[in-house]
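This report concerns only the one structure given below.
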Amino acid sequence: MTRISGFLASAAMIAFAGAAAAQDTTPAPTTDAPAAQAEPAKTPLAPDLAMGVTAGENPNVGQTYVKEEIGDWQLQCIKVEEGEDPCELYQLLRDEDGNSVAEFSLFRAANQGEAVAGATVVVPLETLLPAGMTLGVDGTQGKRYPFLFCNQVGCFARIGLTQADVDAFKGGKEATLTIVPFAAPDVKVALKVSLIGFTAGYEKATVQER
């Protein structure tokens, strides 16, 4: 994931190595000594050997693929062994300079109380976590959500959406997701979430129990 432009710095490390050649000073063998027999060359194990899969297994199980483009959303699915592949709506969020900053994935939910849908939001590690993130539609103040955890990929927020939230997405033109960089706590980074194609895509997302 590309880091937030303007606030995040990266460092490059370059290592130099040298090699010294050693000269063989061992005297040549005498004529009456048997000549040394050269060892046969060892063939290294090829790194691209196919190890095979059990007959009948699908090697693509567990892989994510884009099933369909719907407006500004992707319908991303995961290949499973049996049954229908679960699918979520996905959108990559970029800043004003076109840099990839966050990922937004949305699914329909069942047996989650007031939440009829859920979303997973992934933001850069350099985000100020105590500030949380806010999500509003068409300029509304929206709601504030906490971050749940971070790993090497980024920091994650798992949010629940009520029917009113989903209806706002369906009737809106654009949502705004706002985060705060750790290095610039006085700055708010507003990321646009296009709602073009959301209504049609929402109906194709899989209902998931989580």
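The values are calculated or read from the model by the stated rules, or taken from the named source; none is laboratory data. Since we're looking at a predicted model, the values are computed, not measured. Quick note on the areas: whole protein, heavy atoms, side chains included, nothing else; ligands and nucleic acids left out. Shrake-Rupley method; radii C 1.70, N 1.55, O 1.52, S 1.80 Å.
Annotations for the structure displayed:
- The value of relative contact order for the range 123-210, using C-alpha pairs under 8 Å at least six residues apart, is 29 percent.
- Kirkwood Rh (inverse of mean 1/r, distinct Cα pairs), the range 135-210, angstrom: 14.2
- Residues in the range 61-199 average 51 Å² of solvent-accessible surface per residue, probe 1.4 Å, ligands and nucleic acids excluded.
- Percent of Cα pairs exceeding the 21 Å cut-off, where the set is the range 50-158: 51
- Carbon + sulfur, % of accessible area of the range 61-210 - ligands and nucleic acids excluded, 1.4 Å: 50
- Pairs beyond 27 Å (Cα-Cα), from 67/188; 170/192; 79/188; 79/192; 79/143: 67/188; 79/188; 79/192; 79/143
- With 0.36 nm allotted per residue and the present C-alpha distance subtracted, the residue 207-residue 188 stretch has 3.5 nm of extension available.
- Relative contact order, percent, the range 126-173 [alpha-carbon distance under 8 Å, six or more residues apart]: 29
- In terms of overall dimensions, the range 64-110 has a Cα radius of gyration and Dmax of 12.7, 42 angstrom.
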